[in-house]
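One structure is given here, and the rest of the page talks about it.
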Amino acid sequence: MAFFVAIAGAGVARPRSAMAGGLDIPDHGTQALGRGGAFVAKADDGTAIYYNPAGLARQRGTKLLANANVYLSSFSFQRAGRFPGDGADGDTPWAGSPFPKVANEGGASVAPFAALSSDFGTFDRFTAAVGIFGRPSVGNRTFPFGVDNAPSAARYDFVQSRTSYLYPTVSAAYRVAPWLDLGVSGHLVLASIGRTWMSSIDAGQCTSHEYQPCDGRANLDVSGSSFGATVGALIRADENLAFGLTFQTPASIDASGTMTVGAPEKFDGKVGQGAATVATKLPWTARAGARYVEMAGDFEVYDLELDVTYEAWNGALGDGMRLSVPAVGSLQRIDNFIVQGYRDTYGIRGGGTWNFDALGGVMSARAGAYFDSAATRFEYTRIDNDTLAKIAGTIGFGYKKGAFGFDVAYAAIASIPRLVGDGAGLVRPLNLAENGRAVDGSGVVVGAINEGAYRGFTHLLSFGVSVTFDAFFGPGRANELPLWEGGPSGSLPHEEAAPAEPSESQEGTKSDDDKKDDVKKPEEPKKNLEVPPEQPKKKDEKKDDEKKGNKPQNKKEWWEGLD
């Protein structure tokens, strides 16, 4: 799983608390999704810039890939307990009634991916690529401010996200040996973090810590950039086995912008807009995969792959993500670390592809599954991101004929339900009138707001199209180099192209002197560089030749005349 960085208006009542970013719902690429996201040891299309840049090294020609993931996510939270306060208070008639369930109302969201790769019609070992993609995430989670004429039970946690991440990327890969490819991707990370939640503004005038007339709507909009890199390797052990390894570096982001706070119904101070900064760090990520391939000559019949992933969230945000707002009206020095209790995550992906001839082209049927571990401990579970453990089944189909390829995939992603029991929650609302601390107007730590039941399910559809431009101008170059060519001792095919024979038109342009030279010069025999040099004969063998009447010939040695 990966990150979806967010700022929330809730924390824990302890100093230097932290909030990690959110999570991805894997993964990019229509072909990869159809096989359960198991792609690090295959990486044979443009998504190699994301999965494993070494996979570019064997991709021949100039190709354009465009994919899009469409997410439809349902996520709900049934908070345990009842609204605090006095039901006789006309401002809070819902006090004493059970908390209503809240659910994501954001609708569908789209995560695009585009990549252009080329060997420039020249190289057999080298391929470069450029691309851009966003996070493979549910990008528009939206929860209500109120339900059934009562305030939302989760309004202090999260209401809406407007966050997006874009990764303009440049990649290159080189085939250093017949059995080893290496690659690297450089990423410019462009972060735009938009967040809405309800904050408590209690300067002592509120009758309870969740007193709705003291709520102030907070909107955070900041942006920043950073750099990162992904390095990868593909190892071909033999004609049936391949292994892939990738490592993505961590990235630090310092984002700046504004925070706007709306005026509560009962607050005598001033609010408005102020400068805001957010400091966060994204984790390093490692992937490893093993792949078995069954070939029929040069045609790949089917393959099976198993991958594992690991993301170091705990190390990246051990001290948390810091939200700093010097002043918003009369609200001063809002400066705090916000905890979410993120931990390192791991994932297992498995799947494969079966290829067969159909409809004048090649059809591909794909299937797979994956599991991702939970990204938060129970006591820090929240609704801003689906951090529950997930299990998914995936299917996909592809068709390629000539220059064009088309792919479609679907994933059914079930989040494993979680119940945070009474007294176990540690997420508490932040009071902007008390420097963003989780206390009321008297300085007393307030109660948790995240105890209850969490459920989620996501439908993910992915569509892709690819174009191989070389196919428009003839048969072009081979689509991909062979999977295996004899292991470490093998040799690269067609390392040097044979010199072209002169055409008839070129013959006609020769001068008379050139033609005479052609007649005078006998054709030299072609040198066979694959044949090892003839070993010198021993003295006894030379004597035997002389006895037999064999005379030494004036024969050139194999290395003579080489450039």
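Here are a few things to note about the model shown:
- Taken over the stretch 161-184, the criterion of being under 21 Å from D124 (Cβ atoms), touching a helix residue (DSSP H, G or I) at 6+ places or on another chain (Cβ under 7 Å), in a strand (DSSP E or B) and of a type outside the set (D, E, K, R) is satisfied by S171, A173, Y174, A177, L182, G183, V184.
- Taken together, the residues in the stretch 66-90 that are open to solvent by 50 Å² or more (accessible area, probe 1.4 Å), charged (D, E, K, R) and not in a strand (DSSP E or B) amount to 1.
- Leading residue by the ranking (surrounded by the most Cβ atoms within 10 Å (Cβ to Cβ)) among those in the stretch 293-339 that are under 23 Å from Y51 (Cα atoms) and modelled with pLDDT under 90: W313
- Restricting the stretch 146-187 to residues that are in contact with a Pro (Cβ under 7 Å, 6 or more places away or on another chain) and within 25 Å of S76 (Cα to Cα) leaves a set whose member that is most open to solvent (accessible area, probe 1.4 Å) is D148.
- Check on F143, open to solvent by less than 30 Å² (accessible area, probe 1.4 Å), modelled with pLDDT of 90 or more and closer than 30 Å to T458 by Cα: yes
- For the stretch 97-120, filtered to residues that are closer than 23 Å to N219 by Cα and among the small types (G, A, S), the residue that is most open to solvent (accessible area, probe 1.4 Å) is A108.
- Residue in the stretch 197-206 that is surrounded by fewer than 17 Cβ atoms within 10 Å (Cβ to Cβ) and closer than 27 Å to V159 by Cβ present: yes
- Complete set of residues in the stretch 247-268 that are modelled with pLDDT under 95, crowded, with 17+ Cβ neighbours inside 10 Å and among the small types (G, A, S): A251
- Residue match in the stretch 142-164 (condition: among the β-branched types (V, I, T), within 18 Å of L56 (Cα to Cα) and in contact with an Asp or Glu (Cβ under 6 Å, 6 or more places away or on another chain)): no
- Number of residues in the stretch 93-127 that are over 19 Å from the mean Cα position of the chain (by Cα), hydrophobic (A, V, I, L, M, F, W, C) and not in a loop (DSSP other than H, G, I, E, B): the value is 3.
- With respect to (1) more than 26 Å from the chain's Cα centre (by Cα); (2) crowded, with 21+ Cβ neighbours inside 10 Å, the lone exception for K401 is condition (2).
- Within the stretch 121-131, the residues that satisfy the criterion of being more than 30 Å from R162 (Cβ to Cβ), surrounded by fewer than 21 Cβ atoms within 10 Å (Cβ to Cβ) and touching a residue at least 24 places away in the same chain (Cβ under 8 Å) are G121, D124, R125, F126, A128.
- Filter result for Y370 (open to solvent by 50 Å² or more (accessible area, probe 1.4 Å), modelled with pLDDT of 95 or more and among the hydroxyl-bearing types (S, T, Y)): no
- Condition broken by A242, with the remaining ones in (1) under 20 Å from the mean Cα position of the chain (by Cα); (2) open to solvent by less than 60 Å² (accessible area, probe 1.4 Å); (3) at pLDDT 95 or above; (4) of a type in the set (G, A, S) satisfied: (1)
- Filter result for the condition that a residue is assigned to a strand (DSSP E or B) and open to solvent by 60 Å² or more (accessible area, probe 1.4 Å), over A286, A275: A275
The values are calculated or read from the model by the stated rules, or taken from the named source; none is laboratory data. Predicted model, so just to flag it, every value in this text is computed and none were measured. No Cβ is skipped: glycine too gets one built from the backbone with ideal geometry, and neighbour counts run over all protein chains shown. These accessible areas exclude ligands, DNA and RNA; they are computed on the full protein's heavy atoms, side chains included. Shrake-Rupley method; radii C 1.70, N 1.55, O 1.52, S 1.80 Å.
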